[in-house]
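First up is the structure itself, then whatever we jot down about it.
The values are calculated or read from the model by the stated rules, or taken from the named source; none is laboratory data. Nothing here was measured: the structure is a model prediction, and the numbers come from that model. Methodologically, a virtual Cβ is constructed for each residue, glycine included, from the backbone with ideal geometry; neighbour enumeration extends over all protein chains shown. SASA here: full protein model, heavy atoms, side chains in, ligands and nucleic acids out. Shrake-Rupley method; radii C 1.70, N 1.55, O 1.52, S 1.80 Å.
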Amino acid sequence: MRVTMTKLMTALALLVLCVPAPRHAAAQPLTPLPAVVISVSVTIWPAIVADRKGYFKDEGLDFEFINSGSSTRSAQQVAAGSAPIGSSSMVDTMRAIAAGAKIKVFLNSLAVGTHSLVGGKHIKSVKDLKGKRVMTGGAGDITNLWWIAMAKANGLDPEKDVDLMFSGATTARLAALVAGGVDATMLSTPQSFQAIQDGYTDLGPVAPYLGEFPMMIWHVNEAWAQTHEKEVLAFIRAHNRAVRYMTDPAHREEVSKMLAEASRSSLDDALKTWDVCMKVKAFVEDGGISDAATIRVRDTLLASGDLKTSAAPNAYVDRRFMEKAAAK
């Protein structure tokens, strides 16, 4: 009897194993979501955290970074449909839209710039740059707009009072400063930390000079967004969850390690970057971009000649995605 009972229990166990699981218990497949970014850096730090913490997967997304190497190329590739979403500077995105690109800003990534103006060891203040050589990223670059604002705030004509020079990459601008080719330049982190540590003069962060002026944003292909609102909202929820997590001081070291590993920078520089970001309030918990901020960027570009005609904020930013994600 004992042998018979053992055989019966074994048979029942095998029968249970062979019964298929209910359909609702099966894991849902993830939806692919490739995103074009300039590079993996502080400009997309919340997305890095969302990816590393599994927030995108929690929202049903199989997220993938695709490096474009430049802000303008990111906008161009999303407009062409090479990827549904991407990250670019606010100014480049608005220029692209004005030129006919069918994309819309849908989320704030880096609310203000984390760059600093760094001078030579002989320079003690922004006013000392009168008659000197200053280098920015280009006539239409965001770094040049920062320089214009900083110069005017310090009583200088940004073009007439200095010999203005251009170079697109932070690394090249740092090399020019070290070589003595320029007297001051705009540097992003961690290059700014490196220069200041080596004795070059910290002339201050750029963040206070343009007010509410979004630096890096996420944009979406308009045609794709019409039929993929679910994915856009899922991305926003994961991104904003990451912002809330990473801005908690208790997670400073953890998220700094994520940035250091993803961007191949040192942990010390990543920690300093976190400190700068928190000081200037670089990230927005709801990812929002106000009409006032959009108008400020638009009017700055109109004044510089980068935009030829004015348009309403909704020509550049589709706020319904941010608002819907925040409502859930």
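If the only charges are +1 at each Lys and Arg Cβ and -1 at each Asp and Glu Cβ, what is the size of the charge dipole of the chain around the Cα centre, to the nearest 20 debye?
620
Which lysines, if any, have their Cα less than 17 Å from the Cα of residue 230, not counting same-chain residues under 8 positions apart?
57, 104, 324, 328
Which of the aspartates and glutamates could a cross-linker span from residue 272 if the Cα-Cα distance has to be under 18 Å and same-chain partners fewer than 8 positions apart are dropped?
198, 202, 248, 253, 254, 261
Could you grab the relative contact order for the chain? Cα pairs under 8 Å, six or more apart, rounded to a whole percent.
24
Shape call for the chain from the C-alpha gyration tensor, a ≥ b ≥ c root eigenvalues: rounded (a/c under 1.5), prolate (a/b greater than b/c) or oblate?
Prolate, since a/c reaches 1.5 and a/b exceeds b/c.
Can you tell me how the stretch 172-328 classifies by the Cα gyration tensor, rounded, prolate or oblate, using a/c under 1.5 as the rounded cut?
Since a/c reaches 1.5 but b/c is at least a/b, the shape of the stretch 172-328 is classed as oblate.
Each residue of the stretch 55-71 in turn: what ³J(HN,Hα) in whole Hz from Karplus with 6.51, -1.76, 1.60 and θ = phi - 60°, glycine and Pro shown as x?
So the Karplus estimates, Gly and Pro as x, are 5, 5, 5, 4, 8, x, 10, 9, 7, 9, 7, 10, 6, 9, x, 7, 5 Hz.
Find which of 238, 175, 138 sits farthest along the positive direction of the dipole of the chain, computed with +1 on the beta-carbon of Lys and Arg, -1 on that of Asp and Glu, about the Cα centre.
Of the listed residues, the answer is 238.
Rounded to a whole number, what % of the accessible area of the chain do carbon and sulfur atoms account for, probe 1.4 Å?
54
Which FRET efficiency value, to the nearest 0.05, do you get for residue 159 and residue 179 by plugging their Cβ-Cβ distance into 1/(1 + (r/R0)^6) with R0 = 22 Å?
0.40
Which of the aspartates and glutamates could be linked to residue 132 by a straight reach, that is with a Cα gap under 13 Å, when you skip same-chain ones fewer than 8 residues away?
By straight Cα distance, residue 132 reaches 157, 159, 161, 163, 183.
Convert each backbone phi in the stretch 161-178 into a coupling constant with the Karplus relation 6.51 cos²θ - 1.76 cosθ + 1.60 (shift: θ = phi - 60°), then list the ³J(HN,Hα) values in order as whole Hz, x for Gly and Pro.
Karplus-based 3J(HN,Hα) across the stretch 161-178 equals 8, 9, 8, 7, 10, 10, 7, x, 9, 4, 4, 5, 5, 5, 4, 5, 5, 5 Hz.
Using R₀ = 30 Å, calculate the FRET efficiency as 1/(1 + (r/R₀)^6) where r is the Cβ-Cβ separation of residue 230 and residue 65; round to 0.05.
Efficiency computed from Cβ-Cβ geometry: 0.90.
Given R₀ = 41 Å, FRET efficiency for residue 172-residue 57 by Cβ-Cβ distance, to 0.05?
After rounding to 0.05, the efficiency reads 0.60.
What residues qualify as long-range amide H neighbours of residue 109, i.e. H under 5 Å apart, gap of 5 or more or another chain, H built at 1.01 Å from N?
Here 216, 217, 218 satisfy the definition.
Along the charge dipole of the chain, Cβ charges K/R +1 and D/E -1, which of 50, 218, 249 sits furthest on the positive end?
Selected residue: 50.
Under the rule of -39500 (n - 2.57) per DSSP H run of 4 or more residues, summed and divided by the residues of the chain, what mean residue ellipticity at 222 nm is obtained, to the nearest 500 deg cm²/dmol?
Calculated from helices alone, the mean residue ellipticity at 222 nm is -13000 deg cm²/dmol.
Return the sequence-ordered ³J(HN,Hα) values of the stretch 43-48 in whole Hz as given by the Karplus equation 6.51 cos²θ - 1.76 cosθ + 1.60 applied to θ = phi - 60°, using x for Gly and Pro.
5, 10, 3, x, 5, 4
Relative to the longest principal axis of the chain, what angle (0 to 90°, nearest 10) does the C-alpha long axis of helix 252-263 take?
The answer is roughly 80 degrees.
Got a sec? Which residues in the stretch 186-214 would a label at residue 292 touch, if it sits 7 Å along Cα→Cβ and we count backbone N under 14 Å?
Of the residues in the stretch 186-214, 211-214 have backbone N under 14 Å from the label point off residue 292.
Averaged per residue, what accessible area in Å² does the chain show with a 1.4 Å probe, protein chains only?
48
Which of the residue pairs 127/308; 160/308; 124/279 have a Cα-Cα distance greater than 26 Å in the structure shown?
127/308
Taking the Cα-to-Cβ direction at residue 320 and at residue 121 and moving 7 Å from each Cα, how far apart do the two end points lie in nm?
For residue 320 paired with residue 121, the spin-label model returns 5.9 nm.
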